[in-house]
Structures are given as C-alpha cells and as structure tokens.
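K.L.:
Okay, here's the structure, questions in a sec.
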Amino acid sequence: MNVYKIAVIPGDGIGPEVMNESLKVLNKISELDGGFKFEFTHFPWGCKYYLETSEMMPTDGIDILSSYDAILLGAVGYPGVPDHISLRDLLLKIRHNFDEYINLRPVKLLKGAHCPLKNTETEDIDMTFIRENSEGEYYGTGAWLYKDTPEEVVVQDNVFSRKGCERVIRYAYELAEKEKKTLTSISKGNALNYSMVFWDQIFKEIGKEYPNVKTCNLLVDAAAMFMVKDPKRFQVVVTSNLFGDILTDLGAAIAGGMGLAAGANLNPEKKFPSMFEPIHGSAPDIAGKGIANPLAAIWSASQMLDFFGYEKWGKVLIEAIGDMLINHKDKLTPDQGGKASTSECADTLISLL
Ligand code: NAD
Ligand code: IPM
Ligand code: MN
C-alpha cells in the first residue's frame, strides 16, 4: 500500500469550504483503488492565524512542509490583512522555496460548461498553460525611494535568469512534443527590451532541440485578443509569471468560470513537494454561504493524482466533473447555474465515481 503524506492548508474564505470536499473525494478514490491512501495533516495557516500571531505561517513552516509528499492549498488572502503580506508570506513563499517553477493550468472547456463566446464548440478550447512560477515579474525585490516626497519612485524588479527561462520553456517543448501539439510562447519583446527579448531568444534556442514541434510567438496583448476571438489557435502555451497569471483568469472566463479553473505548482524533479490549488482566490463575496464551487479544487486534486502516477484516477475525476456538467445540472453550485450547496455538489460527484 502506498501511503502519501499530504500537507493540507485550507487557508481563507472559501478555501476551507472547497478543501473539505476535495479531501472527501480523494478519500473516496483511495478507497475505490485500494492500493494507495492519503494521510492528511491540516495546517491552520492564513489570515486568521496572522491576526493572532503576526505571521502567515510559523518561522519553520517551510521546514515542516518539506517532509510531505505534496501540499493541497485552498485559497489565501482576506480583507483585514494586506494582500501583499498574506500572499507573499504564504502562497508565494511556498512556490518559491520549493522551486515549484512550473504552474500547470488546464484551460479546457468541458461539454456542458458555460462559454460566453459565440460559435465556440467544446473542442475549440483545449489549452495547457505553462506559467513560469518562480521568478520573472514576481521576483519580489525592488526599492521604494524618496518615500512621501514629490520625488517618490518605486522600482519592482523583474528577474529572468537563463536557468529559469530554459527549464520552463524546455518543459513546454517536451509536453508539446509528447502530446503532438503546437506550442505558443507569449511574450512582449516590443516593449520589454530586456526581459522579453531574452525570453524570445531562449524560446528560439531551445526550439532547435525540438524540430518536430510547431511553434508560434505572440505578443501578450494580441494573445489576449486571440484567446477571445479564436481560442482554437492555442494548444500548449508557455509564458511568464505575470502574463500567465492574467491569461489564465481569462482562460477561466472562457472555459466555464473560476469555479472550474485548476492549477498545479510543480517541482518536476520531485526534490521538493509540489502544491495543488484551484486558481481562484478566497472569494470574500461568497465566503461562509456554502455555495462555493468545489469543482476547481477537485480538478486540482486530479492533477495531484496525475503527478503521483495515477492518471487513470485523474481521468475518472475529470469525467465525473463532465458528467455533473451535463447530467446533474441541478447539483451544480449557483456560479454554474445550479442551486446546490458546495457539499451537495461534491457528494453528487462522489456518487458518480
Ligand atoms: P477570487 O478568485 O477570490 O474571486 C473572483 C470572483 O470569482 C468572485 O466573484 C468570486 O465569488 C468568484 N469565485 C471564485 N472562486 C469561486 C468558486 N470556487 N465558486 C464560485 N465562485 C467563485 O478573486 P479576488 O476577489 O480577486 O480575490 C480575493 C482574495 O483572494 C484576495 O485576497 C486575493 O489576493 C486572493 N487570491 C488568492 C489566490 C490563491 O490563494 N491562490 C488566488 C487569487 C486571489
Ligand atoms: C494565482 C493568484 C496568485 C498569483 C496571487 C494570489 C498572488 O492570483 O494563483 O493565480 O498571482 O499567482
Ligand atoms: Mn491569479
């Protein structure tokens, strides 16, 4: 029996609400399989913890997490704690310290999910976003000069290292080659004359190792336009940290909404734990109402199953989500036009497994 030690950080707002359901689903899957199980350890870190301790996680939090096989995270951030503190000191700290340099975000329109674009078929939206997740615009250093004077200036560093760009771009080429898909690199070399010129150069260099992969380069502004006008242009996509953040929310909007948008923060070498989380936030506007959609968190859990090598179960979960969207619309949450609560939705999904 394989036993996986999973650190669970439910976090803030709807984070704990969707996490509960995700854990129920994972327990059910391990019960059905019989060959593996999960040991979940809960960590109450987040904004409430911060208000009590002045820290988002304990000083040795990263050390504690390092002994787990993976991390499941709900959502972080809540009014009352400045976002740049809550996110930097927990979510981004984990991504950074565990070198989770691949942020793998499927943008896939399942049959039955609502797409706001006209004349768009299910198969027209099937992208895999690979977002650089360790540096770039999120590097986190900078300067605040001449504070509170008319000369005030702020500088936010953007750091693109050769190693950082090469590894994420190579990962994307590998995936495109393996899945026989096209690869689009999204950048902005016309205006960002250091970072993005460098990115484009590395994309071209690595491309020489993959002569069979058909590639395309798009500027990020045009890419945003094409995602709405002609989403079928995109298959595997690789882009920088900030562009990937923004474009995957756009991706969520065209592929059924934030309630269905999943993501995995991977350290592909498995030197450190990877982290699985829906891409949505803590949704303070609906927190506590029991109506948050658990399917994004469940989809992220399916990415964890894939990562552990149980692709068969990952697929079963996505099929069950698809089944919900077509055959059990009344058991969906209000964001998907249903009337069900978070737990009714997940319980129905569990009954389909
Ligand atoms: P958000 O994703 O929390 O919410 C945006 C909108 O989508 C809201 O209307 C919300 O109700 C809806 N929504 C999101 N998830 C949903 C779900 N599962 N079911 C139904 N509706 C859902 O984004 P925001 O409002 O910009 O951010 C709120 C807080 O979350 C901020 O503190 C932000 O920094 C943080 N945040 C955290 C993460 C994370 O932990 N990974 C991601 C994004 C935002
Ligand atoms: C996401 C979130 C985070 C990001 C925030 C909360 C720091 O928006 O996971 O998409 O920008 O990466
Ligand atoms: Mn985001």
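K.L.:
How much FRET efficiency would the formula 1/(1 + (r/R0)^6) give for K312 and A143, where r is the Cβ-Cβ distance and R0 is 35 Å, rounded to 0.05?
P.N.:
Plugging the Cβ-Cβ distance into 1/(1 + (r/R0)^6) gives 0.10.
K.L.:
So, R0 is 30 Å and r is the distance between the beta-carbons of V3 and S343; what FRET efficiency does that work out to, to 0.05?
P.N.:
Details: r = 27 Å, r/R0 = 0.88.
According to the calculation, E is roughly 0.70.
K.L.:
Return the lysines within reach of K208: Cα separation strictly under 23 angstrom, same-chain partners fewer than 8 residues apart disregarded; answer none if there are no such residues.
P.N.:
Of all the lysines, those that pass the test against K208 - Cα under 23 Å, at least 8 places apart if same chain - are K163, K178, K180, K181, K188.
K.L.:
Out of the DSSP beta bridges found with both residues in the chain, what percent are antiparallel (nearest 5)?
P.N.:
Roughly 40 percent of the beta bridges in the chain run antiparallel, per DSSP.
K.L.:
Then there's this: Cα-based count: Lys pairs in the range 226-353 below 19 Å, eight or more positions apart or different chains?
P.N.:
Number of lysine pairs found: 4.
K.L.:
Once Lys and Arg get +1 and Asp and Glu get -1 on their Cβ, which of V168, Y146, N158 lies farthest toward the positive end of the dipole of the range 103-185?
P.N.:
Of the candidates, V168 comes out farthest on the positive side.
K.L.:
Once the convex hull of the C-alpha atoms of the range 10-144 is built, how many Å³ does it hold per residue, rounded to a whole number?
P.N.:
Per residue, the Cα convex hull of the range 10-144 comes to 184 Å³.
K.L.:
Note the full-extension length gain between D221 and L32 as 0.36 nm times their separation in residues minus their Cα-Cα distance, in nm to one decimal.
P.N.:
63.5 nm
K.L.:
State the extension gain, in nm to one decimal, for the chain segment bounded by D330 and I246, taking 0.36 nm per residue of separation less the distance between their alpha-carbons.
P.N.:
Details: separation 84, 0.36 × 84 = 30.24 nm, distance 3.10 nm.
So the chain would gain 27.1 nm between D330 and I246.
K.L.:
I need the calculated FRET efficiency for the pair E166 and I64, taking r as the beta carbon distance and R₀ as 41 Å, to the nearest 0.05.
P.N.:
Working: r = 31 Å, r/R0 = 0.76.
For E166 and I64, the calculated efficiency is 0.85.
Read the figures in this text as sums done on the coordinates, not as results from a lab. Bear in mind that the values here come from a model prediction, so they are computed numbers and not experimental data. Virtual Cβ from ideal backbone geometry, glycine too; neighbours counted across all protein chains shown.
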